[in-house]
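Data block below; observations after.
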Amino acid sequence: MSAKLIQARSLTKKFGGFTALDRCSIEIDEGEVFGLLGPNGAGKSTFLRLLLGFLKPTSGSAEIGGLDCLQQRVEVHRMVSYLPGDARLFRMMRARKMLAIFCGFREDASFEKAVEIADRLELDLSRWVGLMSTGMRQKLALAITLCSQTPLVILDEPTANLDPTVRGRVMELVNEAKASGRTVIFSSHVLPEIEDTCDRVGILRAGQLVHLESMSRLKKQHRILANLKGDLPELPEGLRESLVIKQNGSSVQIETPGELSAVLRWLSAAPISDVYIQPVGLQAVYDRFHHQPTVAPQREAAV
């Protein structure tokens with residue numbers, strides 16, 4: 001079993017009467033890529049800033065590598081490479097010089113590695129930062145963040161303002177960080193990036209962690225759509241608790257959380273005229289919590 005690198009316990013942050021994060025408890029393993037999902041205002045950036053000790057929690061606690069994120073934040077910062085969602089860079093400087101300065105701040109940072117990352121992201125390091133586009137500055141911030149060998153990498157919207165080709169290269173860099181044993185927290189609005197890269201995903205809504213999902217488990221889930229010419233046969237006992245069946249006249253929708261073989265054997269005896277099987281996908285899970293009328297969120301966990 002992997003050791004826990006991050007432990008957040010009932011982490012809460014209030015700004016006056018507004019609760020930005022509400023009793024959030026998450027454990028993240030060493031070497032795991034953890035996706036953080038939710039719309040603007042869901043609490044993602046607040047959670048990350050609490051982990052970094054930039055904010056003092058109203059209640060609860062968080063640790064990274066056994067260190068208290070607030071009381072031992074200087075030691076915590078030595079363990080973390082952080083790309084904020086609104087990275088600010090010195091504009092009156094050329095990109096190569098800026099890389100050299102930031103690499104000089106950390107003993108574990110490599111200027112050669114930073115230049116290599118910049119090349120992979122197709123960034124011209126001779127440019128003045130102030131004359132760069134937003135996307136170019138994002139590439140520069142990524143090179144600065146990923147050139148060190150910290151145990152933890154936190155990426156807040158790392159592919160914002162990047163074209164599809166470069167987005168793919170960022171995903172490659174995230175996978176390489178994982179392969180080297182590093183832990184990555186990946187906050188994004190782009191669901192396919194989370195689905196293709198992360199080991200687990202947490203969905204935040206109105207400051208609450210409303211869902212945890214293992215991507216390996218999610219990829220086993222399927223939705224079956226079929227047209228019936230009669231009645232469905234009786235469900236075998238082993239499937240009664242696991243299937244979600246919705247029927248509207250002759251149309252039926254079946255959601256299955258695991259392997260399909262037993263479900264297909266059952267359906268083989270059904271009077272079906274057409275059948276279509278599709279993976280559930282992260283979009284469908286996300287839509288359960290964010291494409292519906294606003295109500296008090298219910299806690300759910302499936303790990």
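Residues in the range 156-195 average 38 Å² of solvent-accessible surface per residue, probe 1.4 Å, ligands and nucleic acids excluded.
Along the range 141-148 the Karplus relation, 6.51 cos²θ - 1.76 cosθ + 1.60 evaluated at θ = phi - 60°, assigns HN-Hα couplings of 4, 5, 4, 5, 6, 8, 8, 9 Hz to successive residues, with x for each Gly and Pro.
Between the residues A95, P257, L162, the greatest Cα displacement towards the positive end of the dipole of the chain, with unit charges on the Cβ of Lys, Arg, Asp and Glu, is found for A95. Selection among G43, V115, S133 by position relative to the dipole of the chain gives S133 as farthest towards the positive end (Cβ unit charges, Cα centre). Remark: relative contact order (the chain) = 19 percent; criterion is Cα-Cα distance under 8 angstrom and separation of 6 or more residues. Between the entries (i) -0.31, -0.40; (ii) -0.40, -0.49; (iii) -0.34, -0.44, the label attached to log10 I(q)/I(0) by the Debye sum over Cα atoms at q = 0.07, 0.08 Å⁻¹ calculated for this structure is (iii). Here the range 96-141 is treated as a sphere whose radius is the Kirkwood value from Cα pairs; by Stokes-Einstein at 10 °C and 1.306 mPa s it diffuses with a coefficient of 147 µm²/s. For the chain, carbon and sulfur atoms together expose 51% of the accessible surface, with a 1.4 angstrom probe and every protein chain in place.
In this Cβ point-charge picture (+1 for Lys and Arg, -1 for Asp and Glu), the range 1-116 has a dipole of about 660 debye about its Cα centre.
For I154, nonlocal amide neighbours, meaning residues 5 or more places apart or on other chains whose placed amide H falls under 5 Å from its own, are S81, Y82, L83, I185. Applying a threshold of 27 Å to the alpha-carbon distances of K14/K219; K219/K246; K44/K139; K113/K219; K44/K97; K4/K220 flags K14/K219; K113/K219; K44/K97 as lying beyond it.
Here the 3J(HN,Hα) profile of the range 125-132, calculated from phi with Karplus coefficients 6.51, -1.76 and 1.60 at θ = phi - 60°, is 6, 7, 6, 6, 4, x, 9, 7 Hz, Gly and Pro shown as x.
Distant-in-sequence amide contacts of E32, defined by a placed amide H-H separation under 5 Å and a gap of 5 or more residues or a different chain, comprise V184.
Applying the Karplus relation 6.51 cos²θ - 1.76 cosθ + 1.60 with θ = phi - 60° to the range 54-61 yields 3J(HN,Hα) values of 6, 10, 8, x, 5, 7, x, 8 Hz, where x marks Gly and Pro.
Quick one: compute the contact order of the range 110-159, relative version, from alpha carbon pairs under 8 angstrom and 6+ residues apart, as a percent. RCO, the range 110-159: 45 percent. In the chain, the DSSP-assigned H stretches of four residues or longer account for a calculated mean residue ellipticity at 222 nm of -8500 deg cm²/dmol, using -39500 (n - 2.57) per stretch and the full residue count as denominator.
Can you tell me how the range 115-181 classifies by the Cα gyration tensor, rounded, prolate or oblate, using a/c under 1.5 as the rounded cut? It comes out prolate by the Cα gyration axes.
Dividing the mean sequence gap of close Cα pairs (under 8 Å, 6+ apart) by how many residues the range 90-248 holds gives a relative contact order of 16 percent.
Only Lys, Arg, Asp and Glu carry charge here, each on its Cβ (+1 for the first two, -1 for the last two); on that basis the chain has a dipole of about 1000 debye about its Cα centre.
Dipole magnitude for the range 232-286: computed about the Cα centre from +1 point charges on Lys and Arg Cβ and -1 point charges on Asp and Glu Cβ, it is near 80 debye. Between R205 and V210, the built amide H atoms are under 5 Å apart, and every one of these is 5 or more places off in sequence or on another chain.
Annotation for D124 and R217: the two label points, set 7 Å from Cα along the Cα-Cβ direction, are 4.9 nm apart.
The values are calculated or read from the model by the stated rules, or taken from the named source; none is laboratory data. Since we're looking at a predicted model, the values are computed, not measured. When we count neighbours, we look across all protein chains shown, and the Cβ atoms used for this are built from the backbone with ideal geometry, even at glycine. Accessible surface areas use protein heavy atoms only, side chains included; no ligands, DNA or RNA. Shrake-Rupley method; radii C 1.70, N 1.55, O 1.52, S 1.80 Å.
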